[in-house]
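For reference, the structure discussed in these notes is given below.
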Amino acid sequence: MFELAVGLTERKHDVTVVTTFPGYNIAEGAALPKTHFASIIKESGVKVIRVWTLPFHNVGPIARGIGQLALTLSITGGGLLAGAIDAILVYSPPLTIGVAALFLSRIKRAPYVLNVQDLFPQNAIDLGVLKGRLPIRFFEAMESWVYKHAALITVHSEANARHIRAKACASRRIEVVHNWVDLAEYPIGINGYTFRSKYGLDGAFVVLFAGVMGHAQDLDTVIEAAKILQLEERIAFLLVGDGVEKARLVRRVDELGLRNVRFLPFVSKEKYPELVAAADVGLVTLKKSMKTPVVPSKILGYMAAGRPCVASLNHESDANAIVKNAGCGITVPAGDPELLADAIRRLFQSQESLREMGHRGRQYAEVHFPKCVALDRYEQLLKSCLIQ
């Protein structure tokens with residue numbers, strides 16, 4: 001979302017971002033800032049208000065719930081420091097930021113646009129993380145309330161739009177605005193030779209997963225696929241990131257004695273394109289129980305870098321259609337390590353297919369997911385909210 005803020009600023013709009021101090025997904029070696037309740041700075045021409053809140057990442061479900069509720073107060077407080085505003089753009093999850101936007105909308109007398117990236121609480125219910133009639137009803141009521149009062153709801157795929165339209169509470173406009181990738185960060189011909197050399201991956205066929213290692217990502221299936229392929233000496237699984245499941249996954253790999261799986265911490269946004277370019281294949285995985293039609297954004301990075309992907313997802317995900325329409329990879333059902341291993345082996349054995357899929361993915365991203373298209377759409381939609 002910060003890229004969107006910078007893009008709108010470059011188009012002569014006055015943009016203020018309200019966010020928390022960074023406390024998760026931090027690249028190795030990055031320094032944690034000293035935190036006060038709030039700080040106001042300029043980043044890339046954008047006014048950024050950072051606020052303190054309770055931690056809600058890499059913690060248990062109860063602490064996460066409390067942290068997300070506290071986030072409502074923190075973001076509302078930060079928004080009060082923003083001065084006069086014409087419109088509010090907020091993303092979900094966490095859904096509680098939508099509650100903060102609703103409060104600020106009333107206080108500032110400005111409409112808010114809700115960008116829904118994942119369908120909470122349904123995704124948490126699917127994963128078994130959110131249980132019990134009362135908690136489920138509480139968050140479903142919050143979802144209805146936030147949807148109902150938004151001037152506009154944006155989603156990143158058609159299936160997400162259908163899901164929200166099916167809710168009687170969603171009486172407002174719903175628009176599909178695809179997520180984007182900054183293609184300038186992935187110049188044609190980008191390679192990851194330096195990264196490969198640094199981590200001893202020269203000559204390896206690198207299968208990459210980079211991102212959050214949480215309950216939804218189904219990395220157990222990836223580890224089981226690695227076990228199946230452990231006799232293929234050149235195939236190396238590289239799992240980059242952090243999350244509540246990482247420590248357990250590291251222990252699992254140690255228990256199995258797998259030498260073809262390596263874990264690395266998060267890399268910075270600036271180094272991420274080089275990381276993706278160092279891979280031969282990118283992985284996109286979600287648990288079989290995940291029925292919401294989410295499109296993991298890492299697919300766009302793989303496409304931009306010209307790397308094919310293997311998507312292990314349920315048929316409900318719109319990501320399957322993207323991979324098939326682009327011809328940029330192989331899709332397999334979620335939760336099946338045998339089929340996942342077979343797809344990886346097929347790509348390993350066909351360098352020509354790798355190049356063709358990677359090339360098609362890059363071309364598809366250039367047409368469907370450039371940043372300028374998303375900027376145009378959000379600029380138009382925000383302006384339309386002001387004249388309603």
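Across the stretch 183-368, the convex hull enclosing all Cα atoms gives 106 Å³ per residue. Under 17 Å from a label point set 7 Å out along the Cα-to-Cβ vector of residue 173, the amide N atoms of the stretch 87-105 belong to 87-90. Using 0.36 nm per residue and subtracting the Cα-Cα separation, the extra length available between residue 11 and residue 39 on full extension is 7.6 nm. Most simply put, the chain has about 10% antiparallel DSSP beta bridges, counting only bridges with both residues inside it. Segment residue 356..residue 231, full-extension length gain: 42.3 nm, with 0.36 nm per residue of separation and the alpha-carbon distance subtracted. Expressed as an acute angle from 0 to 90° and rounded to the nearest 10, what is the orientation of the C-alpha long axis of helix 246-256 relative to the principal long axis of the chain? It is inclined by approximately 20 degrees.
The simple Förster model, with R0 at 22 Å and r as the Cβ-Cβ distance, assigns residue 289 and residue 248 a FRET efficiency of 0.80. For the stretch 108-149, the direction-averaged projected area of the alpha-carbon convex hull comes to 3.6 nm².
As a ratio to 2.2 N^0.38 Å, the alpha-carbon radius of gyration computed for the stretch 134-206 takes the value 1.90. When only Cα pairs below 8 angstrom with a gap of at least 6 residues are kept, the chain shows a relative contact order of 14 percent.
Given R0 = 45 Å, the distance between the Cβ atoms of residue 259 and residue 377 translates into a calculated FRET efficiency of 0.45. Its Cα gyration tensor gives the stretch 263-387 an equivalent ellipsoid; the semi-axes, largest first and in whole Å, are 27, 18, 15. Taking only the Cα atoms of the stretch 347-388, the ratio Rg/Rh comes out at 1.39, with Rh defined as the Kirkwood radius.
Stokes-Einstein diffusion of the stretch 95-184 at 10 °C, 1.306 mPa s viscosity, Kirkwood radius from Cα pairs, rounded to a whole number: 114 µm²/s. Between residue 131 and residue 52, residue separation times 0.36 nm minus the direct Cα-Cα distance comes to 25.6 nm. Taking the average, over residues, of other Cβ atoms within 10 Å as the packing measure, peptides 94-105, 320-331 rank 94-105, 320-331 from highest down. By DSSP, the beta bridges lying fully in the stretch 263-388 are antiparallel in about 0 percent of cases. Annotation for the stretch 321-388 versus the stretch 234-275: alpha-carbon center distance of 23 Å.
Across all directions, the average flat footprint of the convex hull enclosing the Cα atoms of the stretch 77-139 is 4.8 nm².
Every read-out reported here was derived from the displayed coordinates using simple, explicitly stated rules and does not represent laboratory data. These numbers were taken from a predicted model, which means no experiment stands behind them. So basically every Cβ, Gly included, is an ideal-geometry build from the backbone, and we count neighbours across all protein chains shown.
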